[in-house]
1. Go through the stretch 64-78 and give me each residue that's assigned to a loop (DSSP other than H, G, I, E, B), closer than 21 Å to Val33 by Cβ and of a type in the set (Ser, Thr, Tyr).
2. Which is at pLDDT below 95 and within 18 Å of Val134 (Cβ to Cβ), of Leu81, Leu104, Leu31, Leu91?
3. Any residue at all in the stretch 130-143 that is at pLDDT below 75 and among the charged types (D, E, K, R)?
4. Can you name the condition, by its number, that Gly107 falls short on among (1) touching a His at 6+ places or on another chain (Cβ under 8 Å); (2) surrounded by 18 or more Cβ atoms within 10 Å (Cβ to Cβ)?
5. Go through the residues of the stretch 113-129 one by one and say whether even a single one is in the same structural domain as Ser43 (by TED's automatic domain parsing), within 16 Å of Lys72 (Cα to Cα) and assigned to a strand (DSSP E or B).
6. Kindly establish whether Leu105 is more than 28 Å from Ala141 (Cα to Cα) and aliphatic (A, V, I, L, M).
7. With the checklist (1) among the hydrophobic types (A, V, I, L, M, F, W, C); (2) in contact with a strand residue (DSSP E or B) (Cβ under 8 Å, 6 or more places away or on another chain); (3) assigned to a loop (DSSP other than H, G, I, E, B) in hand, flag the one item Leu81 doesn't pass.
Amino acid sequence: MEKIILPVIAHFVVLGLMASNFVSGVAAEELTVKTSNGVSYLSGGFGEDERERLRSITGGDNLELSFALQSKEYLGTANVLIKDAKGNNVLEAVSEGPLFFVDLLAGSYTVEATAMGKTLKQAVHVSSQGHARVYFAWNAADEATTQPMAQK
């Protein structure tokens, strides 16, 4: 009986390792910097590990957007539209997770985030140094609020 059990256990251990490497590889592939109209951005943030990887990749990005319910549960996706001070579209993208990092020129912007059928809008100033954060929060009853986060 022991001769059968040990190979079976070893087989499941090997399969488990292969599966975890596959999942890690898929997550790593999904975290790729994208560019639209010359603006680089990256989104994701499902789970603590992916959030940490995102933050390590996006060290030079100067604007961080965060999407959640008021109950502090993260939202999976949001449509993002960033406009400059003149109202010109700078970036239109879909966030593939609750965190969205973008590298913008210094200046004033309006950020619109759409999720759950509701669009939230917030003004933000991005400086040439530091990091601005904007937190968008929807409540389950479809009423929404926005809060600026501390700037570093």
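The values are calculated or read from the model by the stated rules, or taken from the named source; none is laboratory data. Bear in mind that the values here come from a model prediction, so they are computed numbers and not experimental data. Neighbour counts are summed over all protein chains in view; Cβ atoms, including those assigned to glycine, are modelled from backbone coordinates with ideal geometry.
1. Just the residues of the stretch 64-78 that are assigned to a loop (DSSP other than H, G, I, E, B), to begin with: 70-73, 75-77.
With closer than 21 Å to Val33 by Cβ added as a condition, the list becomes 76-77.
Correct list: Thr77 only.
2. Working: Leu81 fails: at pLDDT below 95; Leu31 fails: within 18 Å of Val134 (Cβ to Cβ); Leu91 fails: at pLDDT below 95.
None of the others qualify; the one that does is Leu104.
3. Just the residues of the stretch 130-143 that are at pLDDT below 75, to begin with: 140-143.
Next, from what is left, pick out any that are among the charged types (D, E, K, R): 142-143.
Yes, the conditions are met somewhere in the stretch 130-143.
4. Failed condition: (2).
5. First, pick out the residues of the stretch 113-129 that are in the same structural domain as Ser43 (by TED's automatic domain parsing): 113-129.
Restricting the remaining residues to those that are within 16 Å of Lys72 (Cα to Cα) gives 115-116.
Next, only the ones that are assigned to a strand (DSSP E or B) stay: 115.
Scanning the stretch 113-129, I find at least one residue that is in the same structural domain as Ser43 (by TED's automatic domain parsing), within 16 Å of Lys72 (Cα to Cα) and assigned to a strand (DSSP E or B), so the answer is yes.
6. Working: more than 28 Å from Ala141 (Cα to Cα): yes; aliphatic (A, V, I, L, M): yes.
Spelling it out, Leu105 is indeed more than 28 Å from Ala141 (Cα to Cα) and aliphatic (A, V, I, L, M).
7. Condition (3) is where Leu81 drops out.
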